[in-house]
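Bear in mind these aren't lab numbers, they're just calculated from the coordinates by the rules spelled out. Source: prediction; values computed, not measured. Backbone-built Cβ (ideal geometry, glycine too); neighbour counts: all protein chains shown.
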Amino acid sequence: MKTAANHWLRACAVVLAIVPSAVRAEGQTVEQVKTYAISGSSAAELYASIGERGPKAGMGRAIAHTNFKLTWQRKYEPQGGACTLVSAKPKLIITYTLPQPTGRLPAELQKRWDVFYEGVRRHELVHGQMIKEMVATIERTTIGVSAASDPNCKKVRQEIIKPLSEASLAQREKSRDFDRVELGDGGNVHRLILGFVNGQ
């Protein structure tokens, strides 16, 4: 039963972008849930259906998945021969993909499913929070960045690539570390799976 858990890896789509401290523009964050259908009349059958139909992750399939799309509206201003990123407005769309039984479940199984589903959902929300923190870091480390002798605002676009990449890599590493703990023996997700499938 560990296969699906071990493959619960993040495949967060990283869209490079930027933003932090001169003028902070109001951004937009949308969080949405997509479901995929599973079927079964027992916990073991439902879990097996997750393994067959869950979102692809690496060589296997995941129980759930958090993905995001991040784009920016940036404003650069030439200032005395230099150019500065004076503002950037992020648009972030976070999508959580979660399993959903297609049929009505027996009362006792429904109770177990509700506990399992809520634990999975909360796990994915942590990944969503990490993504939002990455956006905040990008804002903090890029707005106000300036490049000298850059009247056409080309050099400054290169200057913001490094802090942007660092924020993205840090988010992915933090996400992997979180999954490693949650999915490992005795971890929260591991316990959720055992509790659901075995009634422990």
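How large is ³J(HN,Hα), in whole Hz, for each residue of region 102-114 in order, when computed from phi with the Karplus curve 6.51 cos²θ - 1.76 cosθ + 1.60 and θ = phi - 60°, using x for Gly and Pro?
For region 102-114, the Karplus-derived couplings read 7, x, 6, 9, x, 3, 5, 5, 4, 4, 5, 5, 4 Hz, x marking Gly and Pro.
In square nanometres, what is the average projected area of the Cα convex hull of region 98-200?
It is 9.1 nm².
Over 19 Å between Cα atoms: which of Lys34/Lys69; Lys89/Lys132; Lys132/Lys155; Lys75/Lys154; Lys75/Lys155 fall into that group?
Pairs exceeding 19 Å: Lys132/Lys155.
What is the Cα convex hull volume of the chain when expressed per residue in Å³?
109 Å³
Please compute, for the alpha-carbon atoms of region 100-145, the extent along each of the three principal axes and give them in descending order in Å.
Each principal axis gives a Cα extent; for region 100-145 these are 58, 17, 7 Å.
Using helices alone, what [θ] at 222 nm do you get for the chain, with -39,500 (n - 2.57) per DSSP H run of 4 or more residues, divided over all residues and rounded to the nearest 500?
It lands at -15000 deg cm²/dmol.
Which residue fluctuates the most in the chain, going by a Gaussian network model with Cα springs under 10 Å, if the choices are Leu109, Leu85, Leu164?
Leu109
Subtracting the Cα-Cα distance from 0.36 nm times the residue separation, let me have the gained length for Ser42 to Gln79 in nm, one decimal.
Residue separation times 0.36 nm, minus the Cα-Cα distance, leaves 6.7 nm.
Once both axes come from the Cα atoms, what is the angle between helix 161-183 and the longest principal axis of the chain, in degrees from 0 to 90, rounded to 10?
With rounding to tens, the tilt is 20 degrees.
Note the angle between two axes, namely the Cα long axis of helix 188-198 and the longest principal axis of the Cα atoms of the chain, as a number of degrees from 0 to 90, rounded to the nearest 10.
Rounded to the nearest ten degrees, it is 20.
For the chain, find the longest principal axis of its Cα atoms and tell me its angle to the long axis of helix 43-53, 0 to 90°, nearest 10.
40 degrees
Could you please rank Arg172, Arg74, placing first whichever residue has the fewest other Cβ atoms within 10 Å of its Cβ?
Least crowded to most crowded, the residues run Arg172, Arg74.
When all C-alpha to C-alpha distances in region 38-107 are sorted into bins of 5 Å, what percent of pairs does each bin hold, rounded to whole numbers?
3, 14, 14, 12, 10, 8, 7, 7, 6, 6, 5, 3, 2, 1, 0
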